[in-house]
Amino acid sequence: MSTWDAVWAGLIHILEPTAFLYMMLGIVISSTLVALPGIGSKTAIALLLPLAFTLDKFEAICLIVSVWAVSNTANSITSILFAVPGGSGSQATILDGYPMARNGEASRALSAAFTSSALGGIFGAIVLAMSLPVLKPLVILLGPPEFFVLILFGIAMVSTLSGKNKAKGLVIGILGLLISSVGIHLVSGIPRFTFGNLTLMDGLNLIPVTIGLFAIPELISLVASGSSISKMELNNLDSGRRQGIRDSFTHWWLVIRSSLVGVWVGMIPGLGSSVADWFAYGHARATEKGAEETFGKGDVRGVIAVDSATNAKEGGSLIPTLAFGIPGSSTLALVFGGLLIVGVKPGKEILTTHLDVTFSFIWLLIIASVITSLLCIIFIKPLAKATQVRPTLLVPVICAVSVVGAFANSNNFGDIIVMATFGVFGYWLRLHGWPRPPLLLGLVLGPEAERHLWTSYQLYEWEFVLRPITGSLLILLILILGWPTLKALFAKLQQGERV
Amino acid sequence: MSLTVSRTVLGLSLLALFTYTLLAGLDMPFRASMLPVLASSLALPLTLIAIFFEWKTDNTVKTQADDSSGDLAVSASEVSADAFRRVRYFFVWFTGLIACAHLLGFLVGLPLMVLIYLLAQKEPLKLSIFLSSMILVILYGGFQKGLVLPLPEGVLTMMLFGA
């Protein structure tokens, strides 16, 4: 299949009526769920994954990818209206979005955010498409040892960027790898860590673990905080939409630069949305005319920079995911896990014989971004009202849906117990600052890591770590992990010399 | 249990878990043991380092700086005595939800427990009944009929009324 055939076929796949319908369903549900207080994109994806498994390949792709691709867009609503970040990627939006809302320009800020989001999404998708010719030969060059180290690299990167105590992230990432090994080992037939339990014999499924790890702790957090943002005043949302849309196009150069920042951040596994938004905000503040005086006081450029970067990041993060099978973030790990289950396997195949699937992703990023932004602009008021739903109404309803979602995965009541157990464990981890996302990444990448580890060992024994690319990656990984310690050591030595 | 104790228990539990996986892995055939042994050997020293750094820092409640990975920080209101009381009630209700689903079946147990939660939270009766009915509609219409997912009957209802 030539590249142009693949581009066309990719578009046709998602324009099939049922596939398109599932994309629309994904967009509406994702935007609504993300707008609800305390429900993040991971919860939204986890709750929808059981539905995806009943669909055919392209319908499932449309549902899963659209839910993920648009999850950053509606995040801006609570940031702008109430100064409460809707997700980690919308924290910097508060800096200028909230002052705009207080100045009576809420609608303008929201429209600018949604439009920039769409433009950023399109830019990210274009960069992804342009990177494919470079990625193809690169992926073919790599063998099992390189892929094994790349998986470790991906888990370590997500782990190390999770707080001051980086060891915590690494421990949880490794725990994810170990959890992936629970069940009967497919090759040797040996049961591992099953304790004779039938549910554990099949291994721990992604859906109940994810719902438990992410949805339940968020619900507990809603219960614990005991308050909602519903008491806050809803600012004027009637005028300023057109101005907001115009702003994004007037500052097109800022949109492109911020999107580039987003794509760059997305391409590096581990750097998440919040890094993209702060980087883009910092870049805009440093380069825009008069920004020093106006940023932080309600400058629309601050909103535009952040929102174009956070959505462009998604296209960038698909580059390592599709090429090397390394999800750039925990949300993408969930998407990746879902895609594996519906039969889409990233790597060589998806860039060569199944290139149409890759272009479906690209088209989805473009079309879903545009449709979501349009819907968000049109339905600003209902979405803003959704943010004010009382947690007491949300908690029992989402809990009930979570129970069915966990069960639907394998029609096994044991999966509900798995979900509840991981729910309590996830709350415990969150309470003490142990990051949960590396666990998910370890769980999703574990089987691939084990396969590549064994093949590498069979081919080269332990000497596989000495191969040029593998060795270089390992050294790079050690340097990245050890750099803070080395820096502190050098600083102490320098202080000692001065004394 | 205080937060400091809970934090220590979490660290030590992880340490015990990795020790177990290492020892269990060593008993497995080589091919099946590769990942568990390699992962546990790496995790044990890392857990010790993580616990050491936790103990070195002060005992005040720290918020999670995990925003890069998609988590928002734990707010101060989530770790108050009142918050923990609410969480305890939630755990009791959640256990009841799962137990009810098992005993009474999904179609009866889940809407019933949603209704109980809403009424306990002093939500208006009409709204509570409406939301519980919506759950029933989603379960029956969406999952059982739409997705052709056979939702299980309750153990208790089976005993009392048969299949």
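Things to note:
- Cα-Cα P(r), chain A, percent of pairs per 20 Å interval: 23, 57, 19, 1
- Shielding of peptide A:43-52 by partners, expressed as the average count of other chain Cβ atoms within 10 Å per residue Cβ, is 1.
- Counting, for every residue in B:78-90, the Cβ atoms of other protein chains within 10 Å of its Cβ and taking the mean gives 4.
- Each Lys and Arg Cβ is given +1 and each Asp and Glu Cβ -1; about its Cα centre, chain B then shows a dipole of about 300 debye.
- Stretched out straight at 0.36 nm per residue, the stretch from A:ALA491 to A:GLU293 would grow longer than its current Cα-Cα span by 67.7 nm.
- Neighbour count of at most 13 Cβ within 10 Å plus DSSP loop: longest trypsin sites (Lys or Arg not before Pro)-free window in chain A: A:298-499
- Amide H to amide H, with H built 1.01 Å from N, A:ASP299 comes under 5 Å of no residue 5 or more places away or on another chain.
- A dipole drawn for the protein assembly as shown from +1 and -1 charges on Cβ atoms has a positive end, and of A:LEU119, A:PHE82, A:LEU334 the residue lying farthest that way is A:PHE82.
- A:HIS185 long-range amide H proximity, modeled H, under 5 Å: A:ILE190, A:ARG192
- With θ taken as phi - 60° and the Karplus curve 6.51 cos²θ - 1.76 cosθ + 1.60 applied, the whole-hertz 3J(HN,Hα) list for segment B:109-124 is x, 5, x, 4, 5, 5, 4, 4, 4, 5, 5, 5, 8, 6, 7, x Hz, x standing for glycine and proline.
- Shown in residue order for segment A:110-122 are the 3J(HN,Hα) couplings computed by the Karplus curve 6.51 cos²θ - 1.76 cosθ + 1.60 at θ = phi - 60°: 5, 5, 5, 5, 5, 5, 4, 4, 5, 5, x, x, 5 Hz (x for Gly and Pro).
- A:TRP4/A:THR54 FRET efficiency (R0 30 Å; Cβ-Cβ; nearest 0.05): 0.35
- Each Lys and Arg Cβ is given +1 and each Asp and Glu Cβ -1; about its Cα centre, the protein assembly as shown then shows a dipole of about 1000 debye.
- Build a GNM of chain B with springs between Cα atoms under 10 Å apart, and of B:ALA81, B:ALA99, B:ALA50 the one that fluctuates most is B:ALA50.
- Options B:LEU119, B:ALA83, B:GLN144, ranked by Cα towards positive dipole end of segment B:81-161, top entry (Cβ charges): B:ALA83
- Theoretical FRET efficiency, 1/(1+(r/R0)^6), r = Cβ-Cβ of A:TYR460 and A:LYS348, R0 22 Å, to 0.05: 0.65
- For chain B, built as a Gaussian network whose Cα springs stay under 10 Å, the top-fluctuating residue of B:MET34, B:MET113, B:MET134: B:MET34
- Averaged over peptide A:174-185, the number of partner chain Cβ atoms lying within 10 Å of each residue's Cβ comes to 5.
- Centroid-to-centroid separation of segment A:43-66 and segment B:1-45 [C-alpha atoms, Å]: 34
- Magnitude of the charge dipole, segment A:409-499, Cβ model with Lys/Arg +1 and Asp/Glu -1, debye to 20: 480
- Pairwise FRET efficiency - A:MET130 versus B:THR95, Cβ, R0 = 51 Å, nearest 0.05: 0.45
- Net charge of Cβ neighbours under 14 Å - reference A:ARG192; Lys, Arg +1; Asp, Glu -1: -2
- Couplings 3J(HN,Hα) of segment A:354-365, computed from phi: 10, 5, 4, 5, 4, 5, 4, 4, 5, 4, 4, 4 Hz, in residue order, whole Hz [Karplus 6.51 cos²θ - 1.76 cosθ + 1.60, θ = phi - 60°; x for Gly and Pro].
Every read-out reported here was derived from the displayed coordinates using simple, explicitly stated rules and does not represent laboratory data. The shown structure was predicted, so the numbers you read here are calculated from the model rather than taken from an experiment. Virtual Cβ from ideal backbone geometry, glycine too; neighbours counted across all protein chains shown.
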